[in-house]
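Data first, discussion second: the structure below is written as C-alpha cells.
The values are calculated or read from the model by the stated rules, or taken from the named source; none is laboratory data. Predicted, not measured: the structure shown is a model, and the values here were computed from it. For neighbour counting, all protein chains shown are included, and Cβ atoms are generated from backbone atoms with ideal geometry for every residue, glycine included.
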Amino acid sequence: MSDIHSERILILDFGSQYTQLIARRVREAKVYCEIFPYNAGLEKVKAFRPKGLILSGGPSSVYDAGAPLIGKDHLELGIPVLGICYGMQLLTHILGGQVAKSQKREYGRAELNLHKGEGLFNNVGAAGKATVWMSHGDRIEKMPEGFHSSADTGNSPTAAMADEKRRFYGVQFHPEVVHTPEGTKILRNFVYDICKCTASWTMASFVDFAVGEIRKAVGDKKVICALSGGVDSSVAAVLVNKAVGKQLTSIFVNNGVLRKNEAERVQQMFKDMGLNLKYVDASKQFLDKFKGVEDPEKKRKIIGTTFIEVFEQAANAEGADFLVQGTLYPDVIESVSFKGPSAVIKSHHNVGGLPEKMKLKLVEPLRELFKDEVRAIGRELKMPDEIIDRQPFPGPGLAIRILGEVSEARLAILREADYIVLEEIKKAGLYKEIWQSFAVLLPIKTVGVMGDERTYENVVAIRAVNSQDGMTADWVKLPYELLGIMSNRIINEVKGVNRVCFDISSKPPSTIEWE
Ligand code: XMP
C-alpha cells in the first residue's frame, strides 16, 4: 500500500479565518497537509518534510508591533512557497521588498489581469482575466529582487508575484474561498505543477491506512465506544469495527431526552451494519434527576455527570483497554489568535474526563480529518445517509429545548412537535440544506380557541438556522407555506399545543439553542 502521507504540504497559520479552508482545498486536491502555528519553529517545520509551504493570510500588518513573523531560514528549505495575502506581504517584507501600509481595506470581488498564464495561473482565466476575492489592507509597494508581477487589478499593480527560479509565489487575493471561482485550480497548480506532489490522499486509501493503524495500536485488546448516533462517533465506531470487529463494543446510552424513535433507529442502523451494540436504557435515571431543575447549566451538568456514571458502569463490564473518540482535526489544530497575547489551544471534551478516570487509552481514528472528510469516509464505508447527513444534535438533547423543568409529559409534547418539524423539512427537500432545524417548547401557556371552547395551552417555537461551524448562524427564511403546514399539523396533532411561532433571530446575538 502506498503511503498516503508521503506528499505533504505545510500551511503556516498567521491567524486568518480562512486557514482551515486552505487546508481543505489542498486535501480536496488529494494531497495531505497540516496546519502549524506560524511560530512552530524551524525544526518542527523541517521534521514535517513538506514538499511545499503555504503562508496563510492574517489580520496583522507586517509593521504592527508584535506582528507574526518568521525567520528567513523558513524560506531556505529549497521547497516552493506560496504566500496568500498577509503571507505575500510577509514574503515581501522578509525578502527585502517593501509593503505599503494602507488605511483603506480592499474588500470584495476584483478582476485580475493575468500577465502570463503560467505556473500558478496555468489554464486559469479566460482572455487573461479572472475573478478573485480580495480582503487586504496593505499592498506591495516594491517587490523583492528576483520577483515579477504576475497579475494586477485596477487597484493593485502587484496582485500576484512570482520568482520562478526560487519557486516563490505570492497572491494578494484568497484562492481558497468560493468567491474565487478558479481558486481551486490555482492551488492545484501550486501543489501539482510547482511542488510536484501527486494525488495520494484519498478517502479509500485513508480507510485502509486507518484500519492498519487501529489494528497495530489495539492488538487483541478490547475497545469500547460511546455511540451517540452523530456523524463523528458513528464513523469512528464503524471504522474501528472494520479494523477489529467484535473486539469493539459500542455503547449507546438512552438518556431519556432523545428525539422520537431515535433510540430504535440508532440500534437498528448499527445492528444492520454489523456492530456489536450494547444498548443501555438509563432514561429513568436521567429523568429522575431533572425533577425541579430549570437552570440550563444545571441540566447540562446532570446530563454530563449522569452519562459518565452510566457509561462507566456499562464499560467496566466490558473490561476494555481502549476508548474510541471521534476527535476531528479542527479540534487539535493549535489555533493562533491575535485577540489575546498568546496562542490559544482549543480542547475537546466530548466524553469529558472519561479516559483519565477509567485509565483507558484513546483511539482517535478521525484525528487527521476535517468534517467533510469524515462524511466522505462514512460514504466509503457504505454507511446510511441518515447518519452521514444528520444535522447536529446537542449532547443534552431535548433537555435544553424544553425551557423550564423537563418532565415526561413535556418531553412527549416536544417529541411530537419536533418530529413534525423534521418530517416537513425533509418532505420539502430542505433537510440537507439546513444546519439545524427543530422545535422548542416554551415555558408559557397562551389562550386559544378550539371549536367553541377556550383553551389554555403550550407554545412551540420553530427554529431553523444555517451555519458553517455553529459559531455564527443565520435564521433560515423557510417558505410561508411550509411554516403554515408545520403550524397546522403541530396544533392539530400534538395534544397540549395551541400556538406556534417562528424564531427569526441570528447568532450572535442569539444562540442556536434557546438554552
Ligand atoms: P449555541 O446554542 O451555543 O449552539 O449557539 C452551537 C452549537 O452547539 C450545539 N450545542 C451543544 N452541543 N452540548 C453539545 O454537545 C451542549 O451543551 C450544547 N449546547 C449547544 C448546538 O446544537 C449548536 O449546534
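Table for the structure above
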{"item": "Qualifying residue in region 416-424 (condition: within 16 Å of the ligand (Cβ to nearest atom), in contact with a strand residue (DSSP E or B) (Cβ under 6 Å, 6 or more places away or on another chain) and of a type in the set (D, E, K, R))", "result": "yes"}
{"item": "Options I194, I214, I140; residue that is modelled with pLDDT under 95 and surrounded by 15 or more Cβ atoms within 10 Å (Cβ to Cβ)", "result": "I140"}
{"item": "Residue that is surrounded by the most Cβ atoms within 10 Å (Cβ to Cβ), among those in region 484-511 that are among the charged types (D, E, K, R) and part of a helix (DSSP H, G or I)", "result": "R489"}
{"item": "Search result, residues across region 385-403 that are away from the ligand (no atom under 16 Å from the Cβ) and either surrounded by fewer than 16 Cβ atoms within 10 Å (Cβ to Cβ) or more than 26 Å from V238 (Cβ to Cβ) (or both)", "result": "D385, E386"}
{"item": "Among the residues listed as K30, K51, the single one being in contact (Cβ under 8 Å) with a residue 40 or more places away in the chain and in contact with an Asp or Glu (Cβ under 8 Å, 6 or more places away or on another chain)", "result": "K51"}
{"item": "Flag for K339 being at pLDDT below 95 and on the phi > 0 side of the Ramachandran plot", "result": "no"}
{"item": "Candidate set: region 426-460, residues that are touching a helix residue (DSSP H, G or I) at 6+ places or on another chain (Cβ under 7 Å) and part of a strand (DSSP E or B); chosen: the one surrounded by the fewest Cβ atoms within 10 Å (Cβ to Cβ)", "result": "N458"}
{"item": "Leading residue by the ranking (farthest from W514 (Cα to Cα)) among those in region 410-421 that are of a type in the set (A, V, I, L, M, F, W, C) and touching a residue at least 40 places away in the same chain (Cβ under 8 Å)", "result": "I420"}
{"item": "Of all residues making up region 381-425, the number that are in a strand (DSSP E or B) and among the polar types (S, T, N, Q)", "result": "0"}
{"item": "Single match in V406, V465, V440, V459 (criterion: within 16 Å of the ligand (Cβ to nearest atom), more than 27 Å from T305 (Cβ to Cβ) and either among the β-branched types (V, I, T) or modelled with pLDDT under 95 (or both))", "result": "V465"}
{"item": "Residue match in region 205-227 (condition: farther than 25 Å from V171 by Cα, more than 21 Å from the chain's Cα centre (by Cα) and free of Cβ contacts under 8 Å to residues at least 24 places away in the same chain)", "result": "yes"}
{"item": "Criterion: part of a helix (DSSP H, G or I), over 20 Å from A315 (Cβ atoms) and aliphatic (A, V, I, L, M) - qualifying residue of V238, V207, V257, V266", "result": "V207"}
{"item": "Filter result (within 15 Å of the ligand (Cβ to nearest atom), surrounded by fewer than 17 Cβ atoms within 10 Å (Cβ to Cβ) and assigned to a helix (DSSP H, G or I)) within region 272-307", "result": "P296, E297, K298, R300, K301, G304, T305"}
{"item": "Among residues of region 461-483, those that are of a type in the set (S, T, Y) and either loosely packed, with under 13 Cβ neighbours inside 10 Å or in contact (Cβ under 8 Å) with a residue 40 or more places away in the chain (or both), counted", "result": "2"}
{"item": "Test result for E111, out of contact with any helix residue (DSSP H, G or I) (no Cβ under 7 Å at 6 or more places or on another chain), surrounded by fewer than 19 Cβ atoms within 10 Å (Cβ to Cβ) and farther than 20 Å from I194 by Cα", "result": "yes"}
{"item": "Residues located in region 468-515, provided they are touching a strand residue (DSSP E or B) at 6+ places or on another chain (Cβ under 6 Å), among the aliphatic types (A, V, I, L, M) and within 12 Å of the ligand (Cβ to nearest atom)", "result": "A473, I512"}
{"item": "Leading residue by the ranking (farthest from the ligand (Cβ to nearest atom)) among those in region 356-380 that are assigned to a helix (DSSP H, G or I) and of a type in the set (V, I, T)", "result": "I377"}
